[in-house]
Amino acid sequence: MPDLSTQPIDSVQHFKGTDFPADIRFRQILVTGPPGAGKSTLIMHLGGWSEEGYLDLARKHWWRSEVLSVRPREIHLGIPFQGLPNAVSVFDAEFLECDPFPPIDFARVVLPPRKRYFFSVDWYRRYVFEFLLPPPELVLARRTERARHSTHPVDAQLSLEICTAQLDVFRRIAEYLHHQGLNVYLREGMEGCLRRFVKSQSEP
């Protein structure tokens, strides 16, 4: 899948001093991103559900998961990769020990059904995925500082290469979910510009 370009979101609203797209509701938001992106900080600032939930995108009916019942919610993604039998997080040893890092197996990502009846749930409108994607240098600096206090086991393995690869995985997943019709936008940090993917000519 080719890289998609993005554009700034000009129409915004404010929740507790933080910008969000004007066309979404507060209770739709699912915040995700790699380790050190600032998910917990943002969710706590909003007063949302800061206990990180795990969402396996290769599992059937992940959109019905109980971890999504309370929003806004911080979530970590289990992602299927080529050559790995199970979906894993980007901080799991199965991913980090691969050389080179494996590409995403998009064929194994399970997608919600489309709304077919008036009273059925429109899963494509129920959730809005916010992907926190700061520059890898900033993520590395945050995690390096955090590692000094040994508060997060995921910081045991740290390098710019790892941070860059993890950010790229989340960028690719964001592009894929957008291309499939789910609501997705990007944020470079709590103060970063909000961006959306530009709709390509091949999209409906």
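The values are calculated or read from the model by the stated rules, or taken from the named source; none is laboratory data. These numbers come from a predicted model, not from an experiment. When we count neighbours, we look across all protein chains shown, and the Cβ atoms used for this are built from the backbone with ideal geometry, even at glycine. Accessible surface areas use protein heavy atoms only, side chains included; no ligands, DNA or RNA. Shrake-Rupley method; radii C 1.70, N 1.55, O 1.52, S 1.80 Å.
Residues in the stretch 90-101 carry Karplus couplings, in order, of 6, 9, 6, 4, 4, 7, 5, 7, 7, 9, x, 5 Hz; the curve used is 6.51 cos²θ - 1.76 cosθ + 1.60 with θ = phi - 60°, and Gly or Pro positions show x. In this structure, the amide hydrogen of TYR54, modeled 1.01 Å from its nitrogen in the peptide plane, lies closer than 5 angstrom to those of HIS76, counting only residues at least 5 positions away or on a different chain. DSSP bridge analysis restricted to the chain gives an antiparallel fraction near 40%, rounded to the nearest 5.
With every protein chain left in place, what is the accessible area per residue of the stretch 83-204 in square angstrom, probe 1.4 Å? Let's see the in-between values first.
On the way: 6810 Å² over 122 residues.
So the stretch 83-204 comes to 56 Å² accessible per residue, rounded to a whole number.
At full extension, GLU145 and GLN28 could sit 38.9 nm farther apart than now, given 0.36 nm per residue minus the alpha carbon distance. If you take the beta carbon distance between PHE119 and ARG64 as r and set R0 to 22 Å, what does 1/(1 + (r/R0)^6) give as a FRET efficiency, to the nearest 0.05? The computed FRET efficiency comes out at 0.85.
Rolling a 1.4 Å probe over the protein heavy atoms of the chain, with every protein chain left in place, gives an accessible area that is 52 percent carbon and sulfur. In sequence order, the stretch 69-76 has phi-based couplings of 6, 10, 9, x, 9, 8, 10, 10 Hz under the Karplus curve 6.51 cos²θ - 1.76 cosθ + 1.60, θ = phi - 60°, and Gly or Pro positions carry x. In percent, rounded to a whole number, the relative contact order of the chain is 26, using alpha-carbon pairs under 8 Å and six or more apart. Distant-in-sequence amide contacts of ALA87, defined by a placed amide H-H separation under 5 Å and a gap of 5 or more residues or a different chain, comprise nothing. The simple spin-label model puts a point 7 Å past each Cα toward its Cβ; for VAL110 and GLU97 those points are separated by 2.6 nm. Among PHE101, PHE20, the sequence by solvent-accessible area, most first, with a 1.4 Å probe is PHE101, PHE20.
Rolling a 1.4 Å probe over the protein heavy atoms leaves THR151 with an accessible area of roughly 80 Å².
Rolling a 1.4 Å probe over the protein chains gives GLU137 an accessible area of about 110 Å². Heavy-atom accessible surface of LYS115, to the nearest 10 Å², is about 90 Å², with a 1.4 Å probe and all protein chains retained. Two tests apply to each whole DSSP H helix in the chain, Cα reach of 27 Å or more along its axis and mean Kyte-Doolittle hydropathy of at least -1.0, and the ones passing both are 160-179.
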